[in-house]
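Each remark here refers to the structure printed beneath this line.
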Amino acid sequence: MNPVPSFSLYLILKMASGEVQTSDYQQRRWHNIRKVLERSGPFCHPDFEPSAEILDFIMNSCKVLIVGAGGLGCELLKDLALMGFKKLHVIDMDTIELSNLNRQFLFRKNDIGLSKAKCAVEFINKRIPGCEAIAHHCPIQDLDDGFYRQFHIVVCGLDSIVARRWLNGMLMSLLQYNDDRSLDQSSVIPLVDGGTEGFKGNARVILPGMSACIECTLDLYPPQKTFPLCTIANTPRLPEHCIEYVKVLQWAKENPWGSSTALDGDDPQHVAWVHEKAQERAMKYGISNVTYRLTQGVIKNIIPAVASTNAAIAAACATEVFKLASSCCANMNNYMVLNMSDGVYTYTFNAERKSDCVACSNTTRVMDIARDATLQAIYDKLCEDNAYLMKGPGITTIINGRNKTLYMASIKSIEEKTRDNLKKKITDLGLYNGAEILVADVTTPNTITIKLKFIENIDVEMSR
Amino acid sequence: MASLSPKSPEQNEKSKQYDRQLRLWGDHGQTALENGHICLINATALGTEVLKSIVLPGIGAITIVDENNVSDEDIGSNFFLETTSKGLNRGSETLRLLLELNDAVQGHSVQEPPDQILQENPDFFKSFSVVIGTSLNEKLIKDLSQYLWDLNKPFILCRSVGFLGSFRIQFREHSIIETHPENEKVDLRLDVPFTGLSDYFDSIVISTLELKDHGHIPWIVILYKAVQKWQTTNLNRWPMSRKEKNEIKDIIQQFIRSDENGVPINEENFEEAIRAVNTALLPTFLPVKVQDLIYSSAAINLTKESNPFWIMCSALRAFVEAEGKGNLPLRGVLPDMTASTEHYVKLQNIYRNQASVDAEIVYRKVQQIVSQLQCDSISETEVKLFCRHAHDLHLIIGSNIALEYQTGSPVASYIARHLEEPDVMMVHYILLRAADMFKSEHCRAPGEWEPESDIAKLKNCVSKILSDVSCSPFPKDDHIHEMCRYGGAEIHSVSAFVGGCVAHEAIKLITKQYNPVNNTFIYDGASTNSATFTF
Ligand SMILES: [Zn+2]
């Protein structure tokens with residue numbers, strides 16, 4: 001078991017300001033949280049010293065970044081603003097859709113099509129006087145380390161695992177180490193992360209470099225459901241198989257809106273077309289229950305969502321942000337699962353760090369690979385191994401002091417030029433035992449260095 | 001250019017708005033929600049957080065009962081108040097801002113004190129689907145819960161103090177047809193195949209199949225054939241023991257064909273058959289839970305007022321005893337498995353058709369009962385849904401909140417048992433109760449002015465409750481001190497957590513889907529811990 005890492009944001013920052021000025025009105029308005037901040041109790045964090053300065057810090061200094069202004073983001077914004085936080089930033093690239101309104105309560109029908117981040121911020125600043133939230137309507141990848149470094153705490157309510165991993169990688173890249181390789185705690189920006197799916201959810205606290213990070217626990221994410229292509233094409237059994245067929249094969253073949261128009265799950269005409277064709281296919285095979293709702297669900301990979309689960313998970317995250325900022329009690333250690341489908345059940349456990357985690361370990365990762373393996377084997381390992389689970393890694397190496405691109409899928413012209421390398425043996429590409437490869441992927445803002453370790457592959461081949 | 005397909009009913013605006021939740025409780029669940037009416041007593045931060053997550057998904061109507069005027073503290077912790085709300089009635093102000101969330105929801109606000117309503121106009125509560133109360137005083141808790149118990153009206157009592165939160169659900173009984181279990185058990189009837197199924201099995205001879213078809217027959221067929229073969233040397237028994245099941249696996253292995261070099265050909269469907277041996281060979285049986293339901297007195301002694309659930313249970317019993325030969329109606333769901341389209345669809349239809357035949361029989365029995373009792377009719381859709389989920393029917397018998405306040409009741413010894421363990425979550429429950437008692441005695445929350453001086457007084461309240469449940473006093477004052485530190489403060493994020501949960505449970509009660517908490521939930525935001533107690 002890992003010991004509970006001791007971390008106190010408030011103490012690290014050593015509040016310099018002495019006098020705290022607040023009006024009577026402010027005193028009364030924040031009466032509720034002032035009781036837990038200005039009074040000591042038997043279960044407080046050992047570092048906690050009750051004072052009026054803590055609320056002052058929360059209100060006037062503590063900068064919190066909320067990533068995502070969707071189901072969780074709207075809740076987080078409200079929760080944190082009502083816990084005294086004023087310096088809130090919200091980032092979200094999405095615009096508001098009708099299907100958001102069953103839970104994203106800062107938006108109205110008139111707001112459809114507008115930026116989620118801007119709309120949410122405008123609403124909260126109006127409803128809660130003194131709140132100074134700032135919106136960023138862009139992808140998280142558009143902002144650099146200088147932007148992320150300004151925050152004391154980041155809280156994340158995303159539905160995309162890739163974006164979450166990228167953000168995790170960004171916070172890890174901001175870590176600084178002392179000369180003796182120990183972590184410089186002032187470079188730690190805690191990450192509070194929440195996620196929901198239907199009636200289930202989770203909330204966790206990550207102290208970068210100190211406790212398990214997103215990459216340490218990739219195996220906690222369920223693998224995405226996929227259907228084998230041969231089943232879809234030849235032996236469909238389920239309505240999903242018929243929809244997948246139209247989505248993957250028939251659309252590309254028939255190009256109903258011309259070859260330049262990709263299938264858009266938000267375009268009702270596109271969905272209607274897929275629905276109709278999938279029904280035709282289902283009819284041909286005697287398969288029933290191809291509905292419009294299912295069609296849309298398969299095309300967009302829709303995750304069910306409801307206001308109540310989002311409210312509970314966001315609230316659990318907000319409580320942790322409040323604890324981090326105030327040290328009024330110890331943070332959860334460090335991962336809570338919530339299941340509301342059979343009663344209401346929570347379970348908190350200590351997710352453990354991986355000593356050789358790609359993102360947070362400050363050590364060079366080693367990959368075991370057969371001497372006579374092809375580059376494809378390395379590529380597959382990067383995509384399928386639980387330690388990496390990358391989406392389309394670009395692989396380079398340095399040979400005789402020069403950068404050499406071995407394979408890169410993200411840029412078409414380079415992909416074509418390097419495609420043949422996948423079939424080549426790694427030794428023919430100039431790689432050797434102990435060689436380092438540099439890997440870039442959408443799941444991380446950083447280039448990851450991996451050291452190859454050749455293994456003799458007798459056992460593996462014999463069993464085939 | 002592609003043609004526009006006719007507008008299907010699923011594309012309307014409401015379906016789009018509620019799409020993400022319709023995937024969880026379906027259109028029929030949504031209809032139930034839209035016919036629901038929630039009454040909230042006291043629009044505290046906790047109260048409005050509950051309503052928020054009920055208004056958003058589209059409850060039919062809400063009524064807020066609140067006599068209080070808005071204070072600065074309210075504005076500081078309640079999202080559904082504005083600076084300009086100060087001094088105005090809290091119920092009508094929060095109602096106004098809550099209704100902005102969803103224009104399909106109706107809202108009412110009542111400014112009379114709830115105890116006065118209970119005294120002078122108790123019928124007021126009759127029209128609601130669920131009553132939810134926050135910040136109620138001890139006397140009102142007792143009176144209201146007793147009244148709603150007698151009225152047979154679901155009641156959720158919730159609290160949020162400092163880092164602690166709790167809710168208690170009270171109803172007499174709650175039946176759930178769609179429990180949405182995580183792992184739905186399969187109902188294949190391999191041991192008692194109905195005619196359609198055995199005819200299909202008999203039409204296939206594995207040894208004469210062409211190689212292509214051999215790899216395409218569903219594992220159910222393979223397993224059935226293996227058992228048949230095994231039975232010829234085992235007196236037609238059904239394989240039960242681990243050893244016998246291993247023998248079945250061996251037979252399946254023998255079915256697998258080999259190529260010209262004698263190497264077994266890898267066929268996914270046979271692998272699936274071997275993997276299924278341990279689970280799919282469980283004999284068909286009537287689950288004890290369902291047996292208890294259909295033979296309970298509520299299902300046997302029907303009256304005109306009987307709940308449709310009990311009428312259907314009664315029809316189910318008649319089916320089990322006659323046509324079902326001891327078993328429930330067939331579920332009619334075939335799990336996904338490797339197979340050719342033709343085989344899979346054919347087998348799926350065999351199961352579906354039999355399920356619909358069974359459901360039809362149950363429906364006729366329901367109609368008979370309905371006409372005998374001369375009660376409200378039950379639709380075929382309802383009966384079909386009931387039969388489809390007959391294996392997972394769930395009934396919760398509730399208990400009266402008033403019992404928690406009675407000395408010497410079984411609830412008291414239940415509380416005592418948990419305290420002796422010691423279970424810290426039960427300690428939290430006692431402290432929440434003690435804080436209520438303190439408030440009735442001193443007209444303020446413990447620690448509201450000054451924490452230290454109230455510790456002794458709160459300790460008195462704790463001692464009274466502990467002696468009522470025949471428990472010795474707490475060895476330490478730490479939890480009492482912590483409650484005084486909170487001073488009755490309502491922390492928004494704790495209220496938001498409990499509020500989300502309570503809204504969720506109210507939706508479960510109204511839609512009659514998913515199992516609700518039975519019956520008390522305690523949450524400690526400081527330790528991120530929760531517990532469920534059944535009082
Ligand atoms: Zn890590």
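The values are calculated or read from the model by the stated rules, or taken from the named source; none is laboratory data. Keep in mind that this is a model prediction, so the values were computed, not measured. For neighbour counting, all protein chains shown are included, and Cβ atoms are generated from backbone atoms with ideal geometry for every residue, glycine included.
Among what's in segment A:173-209 and is buried (at least 19 other Cβ atoms within 10 Å of the Cβ) and modelled with pLDDT under 95, pick the residue that is nearest to the ligand (Cβ to nearest atom).
Narrowing segment A:173-209 to residues buried (at least 19 other Cβ atoms within 10 Å of the Cβ): A:185, A:188-196, A:199, A:201-209.
Add one more test, that the residue is modelled with pLDDT under 95, and what stays is A:185, A:209.
Values: A:Q185: 17, A:G209: 9 Å.
Here the residue is A:G209.
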Any pair with Cβ under 9 angstrom, 6 or more apart, that starts in segment B:237-261 at a residue that is farther than 18 Å from B:I222 by Cα and ends at one that is exposed (fewer than 13 other Cβ atoms within 10 Å of the Cβ) and of a type in the set (A, V, I, L, M, F, W, C): B:D259/B:I265
Count of residues meeting criterion [surrounded by fewer than 16 Cβ atoms within 10 Å (Cβ to Cβ) and either facing chain B (nearest Cβ under 7 Å) or assigned to a helix (DSSP H, G or I) (or both)] in segment A:286-322: 2
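Going through segment B:333-375 one residue at a time, which ones are of a type in the set (G, A, S) and within 30 Å of B:N301 (Cα to Cα)?
Narrowing segment B:333-375 to residues of a type in the set (G, A, S): B:339-340, B:355-356, B:359, B:371.
Of everything in segment B:333-375, those that are of a type in the set (G, A, S) and within 30 Å of B:N301 (Cα to Cα) turn out to be B:A355, B:S356, B:A359, B:S371.
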The lone exception for A:V366 - which of (1) more than 16 Å from the ligand (Cβ to nearest atom); (2) at pLDDT below 95; (3) in a strand (DSSP E or B) it fails: (1)
Filtered residues of segment A:232-249 (kept if at the interface with chain B (Cβ under 10 Å from one of its Cβ atoms) and surrounded by fewer than 18 Cβ atoms within 10 Å (Cβ to Cβ)): A:N234
Filter pass, A:F48 being within 30 Å of B:S453 (Cβ to Cβ) and within 12 Å of chain B (Cβ to nearest Cβ): yes
Entirely in segment B:409-523, the helices (runs of 4 or more DSSP H) that have 1 or more residues that are over 28 Å from the mean Cα position of the chain (by Cα) and surrounded by 23 or more Cβ atoms within 10 Å (Cβ to Cβ): B:424-442, B:451-468, B:478-486
Residue that is surrounded by the most Cβ atoms within 10 Å (Cβ to Cβ) [pool: residues in segment A:391-426 that are assigned to a loop (DSSP other than H, G, I, E, B) and at pLDDT below 90]: A:A409
Residues located in segment A:161-201, provided they are within 30 Å of B:P516 (Cα to Cα) and not aliphatic (A, V, I, L, M): A:D193, A:G194, A:G195, A:T196, A:E197, A:G198, A:F199, A:K200, A:G201
Scan of segment A:330-361 for residues that are farther than 22 Å from B:L33 by Cβ and in contact with a Gly (Cβ under 8 Å, 6 or more places away or on another chain), ordered by number: A:V337, A:A359, A:C360
Residues of segment B:208-220 that turn out to be touching a residue at least 24 places away in the same chain (Cβ under 8 Å), surrounded by fewer than 18 Cβ atoms within 10 Å (Cβ to Cβ) and of a type outside the set (D, E), as a count: 1
Subset of segment B:345-367 [in contact (Cβ under 8 Å) with a residue 12 or more places away in the chain and not aliphatic (A, V, I, L, M)]: B:K346, B:Q348, B:Y351, B:R352, B:N353, B:Q354, B:S356, B:D358, B:Y363, B:K365
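Quick check, is B:N68 over 17 Å from B:H492 (Cα atoms), modelled with pLDDT of 95 or more and not aliphatic (A, V, I, L, M)?
Details: over 17 Å from B:H492 (Cα atoms): yes; modelled with pLDDT of 95 or more: yes; not aliphatic (A, V, I, L, M): yes.
Here the answer is yes, as B:N68 does meet what is asked.
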Failed condition for A:Y345, given (1) within 16 Å of the ligand (Cβ to nearest atom); (2) within 14 Å of another protein chain (Cβ to nearest Cβ): (1)
Any hit, segment B:524-533, residues being within 18 Å of B:Y405 (Cα to Cα), away from chain A (no Cβ under 12 Å) and not polar (S, T, N, Q): no
Residue match in segment B:401-412 (condition: in contact (Cβ under 8 Å) with a residue 60 or more places away in the chain and in contact with a strand residue (DSSP E or B) (Cβ under 7 Å, 6 or more places away or on another chain)): yes
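Identify, from the list B:S399, B:S371, the residue that is small (G, A, S), surrounded by fewer than 16 Cβ atoms within 10 Å (Cβ to Cβ) and over 26 Å from B:G488 (Cβ atoms).
Working: B:S399 fails: surrounded by fewer than 16 Cβ atoms within 10 Å (Cβ to Cβ).
None of the others qualify; the one that does is B:S371.
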Test for A:N350: is it within 16 Å of the ligand (Cβ to nearest atom), modelled with pLDDT of 95 or more and within 14 Å of chain B (Cβ to nearest Cβ): yes
Lone qualifier among B:E323, B:E420 - being without any contact (Cβ under 8 Å) to a residue 40 or more places away in the chain and over 26 Å from A:D342 (Cβ atoms): B:E323
Hits in segment A:211-256 (condition: more than 16 Å from the ligand (Cβ to nearest atom) and among the charged types (D, E, K, R)): A:K225, A:R237, A:E240, A:E244, A:K247, A:K253, A:E254
